Amino acid sequence: MKNSIKVQRAIHDMTQADLAEKIGVSRQTINAMEKNKYVPSTVLSLKIAKLFKKPVEDIFFLEDND
(Lines give C-alpha, C1' and ligand atoms only; values in the text may rest on other atoms or scores of the structure.)
Protein backbone atom coordinates (compact mmCIF):
# COMPACT_ATOMS: atom_id res chain seq x y z
CA MET A 1 0.00 0.00 0.00
CA LYS A 2 1.27 3.44 -0.94
CA ASN A 3 0.40 6.76 0.61
CA SER A 4 0.68 10.50 0.10
CA ILE A 5 1.44 11.43 3.72
CA LYS A 6 4.65 13.25 2.81
CA VAL A 7 2.82 15.33 0.18
CA GLN A 8 0.00 16.15 2.59
CA ARG A 9 2.51 17.17 5.26
CA ALA A 10 4.19 19.52 2.79
CA ILE A 11 0.86 21.06 1.79
CA HIS A 12 0.05 21.67 5.47
CA ASP A 13 3.61 22.77 6.33
CA MET A 14 4.06 20.00 8.92
CA THR A 15 7.12 18.09 10.03
CA GLN A 16 6.99 14.38 10.76
CA ALA A 17 7.17 15.29 14.46
CA ASP A 18 4.21 17.71 14.11
CA LEU A 19 2.05 15.05 12.49
CA ALA A 20 3.13 12.39 14.98
CA GLU A 21 2.20 14.59 17.91
CA LYS A 22 -1.22 15.44 16.46
CA ILE A 23 -2.21 11.79 15.94
CA GLY A 24 -0.46 10.30 18.97
CA VAL A 25 2.36 8.23 17.46
CA SER A 26 6.14 8.53 17.26
CA ARG A 27 7.99 10.40 14.53
CA GLN A 28 9.56 7.05 13.60
CA THR A 29 6.08 5.67 12.88
CA ILE A 30 5.39 8.52 10.45
CA ASN A 31 8.78 7.94 8.82
CA ALA A 32 8.07 4.20 8.43
CA MET A 33 4.64 4.91 6.89
CA GLU A 34 6.11 7.40 4.41
CA LYS A 35 8.72 4.82 3.36
CA ASN A 36 5.98 2.17 2.96
CA LYS A 37 7.61 0.01 5.64
CA TYR A 38 4.59 0.19 7.97
CA VAL A 39 0.92 -0.17 7.10
CA PRO A 40 -1.15 1.83 9.60
CA SER A 41 -4.23 0.51 11.36
CA THR A 42 -7.66 1.58 10.21
CA VAL A 43 -7.95 3.92 13.21
CA LEU A 44 -4.60 5.55 12.47
CA SER A 45 -5.47 5.90 8.79
CA LEU A 46 -8.76 7.59 9.68
CA LYS A 47 -7.02 9.97 12.12
CA ILE A 48 -4.59 11.04 9.38
CA ALA A 49 -7.38 11.50 6.84
CA LYS A 50 -9.46 13.53 9.30
CA LEU A 51 -6.49 15.75 10.20
CA PHE A 52 -5.80 16.52 6.54
CA LYS A 53 -9.55 16.82 5.78
CA LYS A 54 -9.30 14.29 2.96
CA PRO A 55 -11.00 10.97 2.22
CA VAL A 56 -8.85 8.00 3.28
CA GLU A 57 -8.65 6.95 -0.38
CA ASP A 58 -6.91 10.24 -1.25
CA ILE A 59 -4.10 9.46 1.18
CA PHE A 60 -3.80 5.66 1.07
CA PHE A 61 -4.05 3.59 -2.08
CA LEU A 62 -3.42 -0.01 -3.05
CA GLU A 63 -0.83 -1.06 -5.58
CA ASP A 64 -1.59 -3.66 -8.23
CA ASN A 65 0.18 -6.39 -6.24
CA ASP A 66 -1.66 -5.66 -2.95
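The values are calculated or read from the model by the stated rules, or taken from the named source; none is laboratory data. No experiment lies behind these values; they were computed from the predicted model shown. Methodologically, a virtual Cβ is constructed for each residue, glycine included, from the backbone with ideal geometry; neighbour enumeration extends over all protein chains shown. The area values use the complete protein model at the heavy-atom level, side chains included, leaving out ligands, DNA and RNA. Shrake-Rupley method; radii C 1.70, N 1.55, O 1.52, S 1.80 Å.
Before moving on, here are some points about what is shown:
- Anchor K54: lysines whose Cα lies under 18 Å away (excluding residues fewer than 8 positions away in-chain): K2, K6, K22
- For the chain: relative contact order, % (alpha-carbon pairs under 8 angstrom, 6 or more apart): 45 percent
- Mean residue ellipticity at 222 nm, helices only, the chain: -15000 deg cm²/dmol; runs of at least 4 DSSP H residues each add -39,500 (n - 2.57), and the sum is divided by the number of residues.
- The chain, dipole about Cα centre (Lys/Arg Cβ +1, Asp/Glu Cβ -1), debye to the nearest 20: 240 debye
- Take the chain with all the other protein chains still there, run a 1.4 Å probe, and you get 68 Å² of accessible area per residue.
- P(r), alpha carbons of the range 2-53 - 5 Å bins starting at zero, rounded %: 4, 22, 38, 31, 5
- Residue of V43, V56, V25 that the Gaussian network model of the chain assigns the largest fluctuation, springs spanning Cα pairs under 10 Å: V43
- In order along the range 53-58, phi translates into HN-Hα couplings of 6, 10, x, 3, 5, 7 Hz, rounded to whole numbers, per the Karplus curve 6.51 cos²θ - 1.76 cosθ + 1.60 with θ = phi - 60° and x for Gly and Pro.
- Loop-located trypsin sites (Lys or Arg not before Pro) across the chain with a Cβ neighbour count of 16 or fewer within 10 Å are K35, K37, K53, with loop assigned by DSSP.
- Dipole of the range 2-53 [Lys/Arg +1, Asp/Glu -1 at C-beta], most positive-end residue of Q28, F52, N3: N3
- Most to least accessible of D18, D13 (protein chains only, probe 1.4 Å): D13, D18
- For the chain, with all protein chains in place and a probe radius of 1.4 Å, 51% of the accessible heavy-atom surface sits on carbon or sulfur.
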